[in-house]
1. Only one residue in I278, I290, I303 is within 16 Å of the ligand (Cβ to nearest atom) and among the β-branched types (V, I, T), so which one is that?
2. What number of residues within segment 282-307 satisfy the criterion of being under 30 Å from E406 (Cβ atoms), in contact with an Asp or Glu (Cβ under 9 Å, 6 or more places away or on another chain) and open to solvent by 10 Å² or more (accessible area, probe 1.4 Å)?
3. Have a look at T309, T285 and point out the one that is part of a loop (DSSP other than H, G, I, E, B) and in contact with a strand residue (DSSP E or B) (Cβ under 6 Å, 6 or more places away or on another chain).
4. When both residues are 6+ apart or on different chains and their Cβ atoms are under 7 Å apart, which pairs have a first residue that lies in segment 97-113 and is more than 23 Å from G275 (Cβ to Cβ) and modelled with pLDDT of 95 or more, and a second that is open to solvent by 70 Å² or more (accessible area, probe 1.4 Å) and of a type in the set (D, E, K, R)?
5. Do you know which residues across segment 370-397 are in contact (Cβ under 8 Å) with a residue 60 or more places away in the chain and surrounded by fewer than 16 Cβ atoms within 10 Å (Cβ to Cβ)?
6. Taking the options I210, I197, I152, I204, name whichever one is over 20 Å from the mean Cα position of the chain (by Cα), among the aliphatic types (A, V, I, L, M) and open to solvent by less than 30 Å² (accessible area, probe 1.4 Å).
7. Between residues in segment 41-70 that are in contact (Cβ under 8 Å) with a residue 24 or more places away in the chain and at positive phi and residues that are away from the ligand (no atom under 13 Å from the Cβ) and outside any helix (DSSP H, G or I), which pairs lie under 9 Å by C-beta distance while being six or more apart or on different chains?
8. Give segment 45-66 a look and list any residue that's touching a Phe, Trp or Tyr at 6+ places or on another chain (Cβ under 9 Å) and away from the ligand (no atom under 16 Å from the Cβ), or say none.
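The values are calculated or read from the model by the stated rules, or taken from the named source; none is laboratory data. Just so it is clear, the structure is predicted and the values come from calculations on it, not from any experiment. Here the Cβ positions follow ideal geometry from the backbone for every residue, glycine too, while neighbour counts run over all protein chains shown. Note: areas computed on protein heavy atoms with side chains; ligands, DNA, RNA excluded. Shrake-Rupley method; radii C 1.70, N 1.55, O 1.52, S 1.80 Å.
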Amino acid sequence: MKGLNNFSALSAGEITGAAESYGTPLYVYDERHIRQRCGECLAIPNAYGVTVRFAMKANSNRTILKTISDAGLHIDASSLNEAIRANLAGVPIENIMLTTQEVHTGSARVKLEQMLKAGMKYNVCSLLQLELICDFAALAGISPGIRIHPGIGSGESATRNTGDDYSCFGVHLSDVAEANELAAAGGIKFRHVHVHIGSGADSIKWQENIDLELDIIEKHFPDALSAGFGGGLKEARMPGEVAADVISLGSYAKERLESFYSRTGRKLHMEIEPGTYIVANSGYTVTRVIDKKRTSRSNFIIIDGGMETNSRPLLYGSRHPVYLVAEDGSQVRSSEFAPMSHTYEAVVAGKCCESGDCQTLDTEGHTTTRAMAEPEIGDLAVIGGTGAYCSSMSPYNYNSHTQIPEVLFTDAGELKLIRKRQTLEQMLENEV
Ligand SMILES: *Cc1c(COP(=O)(O)O)cnc(C)c1O
């Protein structure tokens with residue numbers, strides 16, 4: 001097998017080329033895959049128009065943001081800094097929506113006001129956030145959206161469910177009346193209603209949420225012109241996992257929006273906010289096998305990039321494929337996508353002083369083994385599905401490791417450095 005898998009043009013040779021040029025560990029992103037996913041989401045069935053926002057917390061590199069923005073997507077930002085970063089990457093400010101837990105005071109509030117006046121969109125996520133914009137929003141003609149906490153949610157793990165009553169994202173349904181009173185007193189109209197129930201949501205729950213949200217809009221938000229159904233489209237990283245069916249989810253939304261129109265005479269524009277789905281499978285962490293060990297229970301291979309480059313297994317028990325590539329780039333020795341080469345089983349551990357620093361953990365945090373070919377020291381171990389919530393979310397300076405580089409494998413088949421490796425000096429520069 002020359003290619004790593006059947007959804008990427010990256011080959012064993014390109015992987016070793018990247019490792020030789022930039023050192024390990026590093027992230028490689030496949031631009032073609034990102035563009036293909038953007039196109040797929042933009043073509044989602046819809047009734048009265050759709051805006052697709054990339055949830056940039058999944059991957060915030062400026063080149064990735066620019067690529068996605070150029071493909072026609074808008075941005076959902078989770079913090080004011082993310083919004084600023086998107087704008088600096090070249091995303092037009094009116095294409096950025098801020099949906100955040102932050103409460104902006106002092107200079108951050110000044111910055112928020114400035115950006116809202118310049119055209120940035122804002123989903124109010126709490127009563128306090130609403131109060132804080134009342135003094136300028138109406139005067140400046142700003143109509144915020146409102147993120148509703150529906151009381152039901154769904155995610156691949158409890159920590160990724162953002163809609164049930166164990167979490168606190170958005171204005172809870174029981175506070176909607178108060179939000180509407182506050183808004184009315186401040187002369188503000190909610191033009192957009194938003195719900196995001198979680199990451200890796202169950203498709204049935206995602207559909208139920210559409211009904212619930214449209215019901216909320218009908219009852220409480222007479223001025224809303226658009227409905228945001230959130231992100232959470234599931235990705236399949238491992239063989240046997242099933243990704244979201246964008247066409248069928250879109251068809252469901254379309255039908256419900258049409259029936260909303262026939263009930264109310266209101267044509268709602270639709271928004272979706274995929275993060276994971278756009279970038280997860282574009283990304284690979286290229287690491288090197290630096291050691292092999294054994295306990296009475298299992299074999300371990302030690303790789304030079306673990307939890308500090310991908311903390312998802314530790315946080316969520318997430319499973320990522322492991323591709324073993326011969327050091328000279330001549331072949332892919334094994335992967336979950338080519339099981340006939342499996343002659344060995346090992347835990348894939350990182351180099352941090354943390355027993356949870358393993359890429360192969362179960363949801364309880366126990367190490368588990370993976371079937372693979374037996375690697376040689378120096379082989380590359382490529383962790384797949386690391387384009388989302390890896391670079392952007394990892395504790396990269398733990399054990400004083402430096403943040404690793406990011407490389408884009410372009411449409412033209414070239415490897416382009418899009419973020420340099422952090423230096424030890426940079427890690428220390430703010431210490432006084
Ligand atoms: C994180 C987030 C998303 C994206 O979730 P994915 O599971 O990565 O698709 C979308 N919308 C909001 C408001 C978010 O916080």
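1. Numbers: I290 fails: within 16 Å of the ligand (Cβ to nearest atom); I303 fails: within 16 Å of the ligand (Cβ to nearest atom).
Only one candidate passes the filter, namely I278.
2. The number of residues fulfilling the criteria is 6.
3. Details: T285 fails: part of a loop (DSSP other than H, G, I, E, B).
Selected residue: T309, the only one of T309, T285 that is part of a loop (DSSP other than H, G, I, E, B) and in contact with a strand residue (DSSP E or B) (Cβ under 6 Å, 6 or more places away or on another chain).
4. Close Cβ pairs satisfying both conditions: none exist.
5. E376, I377, G378, P395, N397
6. On the way: I197 fails: over 20 Å from the mean Cα position of the chain (by Cα); I152 fails: open to solvent by less than 30 Å² (accessible area, probe 1.4 Å); I204 fails: open to solvent by less than 30 Å² (accessible area, probe 1.4 Å).
Answer to the selection: I210.
7. Short answer, once both residue conditions are applied: G49/S226; G49/K267; G49/H269; G49/M270.
8. Initially, segment 45-66 is screened for residues touching a Phe, Trp or Tyr at 6+ places or on another chain (Cβ under 9 Å), giving 45, 47-48, 57-59, 61, 63-65.
Once the filter is applied, which keeps residues that are touching a Phe, Trp or Tyr at 6+ places or on another chain (Cβ under 9 Å) and away from the ligand (no atom under 16 Å from the Cβ), segment 45-66 yields P45, A47, Y48, T63.
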